[in-house]
1. By how many nm would the segment from Val348 to Lys281 grow when fully extended, if each residue of separation counts as 0.36 nm and the alpha-carbon distance is taken off?
2. I'd like the carbon and sulfur percentage of the solvent accessible area for the stretch 278-318, probe radius 1.4 Å, heavy atoms only, ligands and nucleic acids excluded.
3. Provide the per residue accessible area, probe 1.4 Å, for the stretch 208-328, rounded to a whole number of square angstrom.
4. Identify all lysines with a Cα-Cα distance to Lys173 below 16 Å; exclude those on the same chain that are fewer than 8 residues away in sequence.
5. Within 10 Å of each candidate Cβ there may be at most 15 other Cβ atoms; applying that plus a DSSP loop requirement, which GluC sites (Glu not before Pro) in the stretch 82-134 survive?
6. Considering the dipole of the stretch 325-480 built from charges on the beta carbon (Lys and Arg +1, Asp and Glu -1) around the Cα centre, which of Trp475, Ser463, Ile435 is farthest to its positive end?
7. Roughly speaking, to the nearest percent, how much of the stretch 163-260's 1.4 Å accessible area is carbon and sulfur?
8. For the stretch 350-480, what does the alpha-carbon gyration tensor say about shape, rounded, prolate or oblate, given a ≥ b ≥ c as the root eigenvalues, a/c under 1.5 as rounded, and a/b over b/c as prolate?
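The values are calculated or read from the model by the stated rules, or taken from the named source; none is laboratory data. A quick note: this is a predicted structure, and the numbers were derived from the prediction, not measured. Note that we place each Cβ from the backbone using ideal geometry, even for glycine, and neighbour counts take in every protein chain shown. The protein model used for the area step is the full one, side chains on, heavy atoms only, and it has no ligands, DNA or RNA in it. Shrake-Rupley method; radii C 1.70, N 1.55, O 1.52, S 1.80 Å.
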Amino acid sequence: MMLASMNIALVAANGCRGLGTSLALQRTLARTRANFSASVCGNYFAARRSLSSKSSAFPCESSVTDVAVTKSATTFAENGYPQYHRLLPCPSFSGPPRVEHLVVLEGGPVMEYISKSLDLPPLYVADLIHFGAVYYALVCPQPPPTATPEQIRLFKKFTQPSFLKGRKSIKGKTVREAQKTFRITRIDEFVEVGTYLRIHVHPKRFPRCYEIDWKSRIIAVTESYVVLDKPAGTSVGGTTDNIEESCATFATRALGLTSPLWTTHQIDNCTEGCVILARTKEYCSVFHRKIREKKVKKLYLALAAAPVPIGIITHYMRPINIAPRLVSEDCIDGYNLCQLEVLECREVAWPDADIEAKYCIEECGWPSKTKAYECKINLLTGRTHQIRAQLANCGAPLVGDSMYMPAAVAEMANPGLNPFGKCKKEYANEEDKEIAVTDWISRHGKEPAMAIGLQAYEISWDSMEHIYNAGTPWWKQEQL
């Protein structure tokens, strides 16, 4: 129980009101595989947990749901906030990662099954489904290499041909097709025996969604689309485990629209600025086509920690869909072309401490914080983290970019550390280079919690027929 107590203390210390005394919270955060397996009589696809190394379980003696808390939707703590049987109000931080994997042993409504199997309050499970944090597949996916004998036994049991032949729901589908995952959208959706469930018990949260005056962030509304000045610290269209706390959802509500807005393109959670949201599925497809045909132009303001040369900067990005994104100045077979054009670069003052605190700008170890450099950038190719990765590779990481600045600082202290940089070393063989790449990745940090020095300040398309600009970037707010 010591570790469970430590977790509850951590929650209380972070100021998450109404959660500190909740028995349901303790039981949600504190679980062991053994207790789960015992409490649900083996109805737990035991270590089919998230492949992320961050997933973990916490020990606790109890596996019995607090019935009083579970049944009441109006149970309140002394300070007026609900107990931990709902996902709202939004905590100021994301809980420890937890993803559960189940194989359905008894058919029935999905909310009831998950609640019983994982000892979670039904209302909390209903919120998870509403957030888009629950997925299903008709047939269990292949267990990972780290699977236990029990996991492998369950997989074989529910994927053997004799069992699959008796399932009408998968007739006409290949096993691979039946293993595709889809979101559960209704709490009363029926799940049959053998169905695979993936539950993101602690979705990534976006508390800033509740701090924003969303109407004030709307730049334009037309019959086909809405232009939003996206705030930093928010997701455009949501995440794998949270489609509720997104710009598209909150902009839809702010405008009182009866149909949800559609995401047409993305910018990073920590980036602010112009985003186009389609009002119909048809216009969403139209805008996607404009992007593919390079009819959409995006200009950015970047606040770099060092000066950046004027002109076109070219790199090649490693084709691995995992952050950090690594870029090389050399053309490497299979790597993706990355190009941006620096139109202007002017010296400005480093943001003062009050502005940094207001926008949660992270301390990343940059040695001098007197001068910064505001760059106007024409993005020629649209790769994930492209501006951030390219400028960091040039020795000019963005202010507050806790993902890329630590690596740039490390390379300043030890030139040649970056295996893709200007001072890269020669390697005797590919194995030595891979070791160097792994070490280089380890020099990078975590994704920023809120804002970095990057704004999508202008977007236009159809030869400037449509053109929109964002408001004042956060680092200039002190000048207002």
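1. Computed gain between Val348 and Lys281 is 19.9 nm.
2. The value for the stretch 278-318 is 54 percent carbon and sulfur by accessible area.
3. Result: 42 Å² of accessible area for each residue.
4. Lys165
5. Answer in residue order: Glu106.
6. Most positive-ward Cα: Trp475.
7. That share works out to 51 percent.
8. It comes out oblate by the Cα gyration axes.
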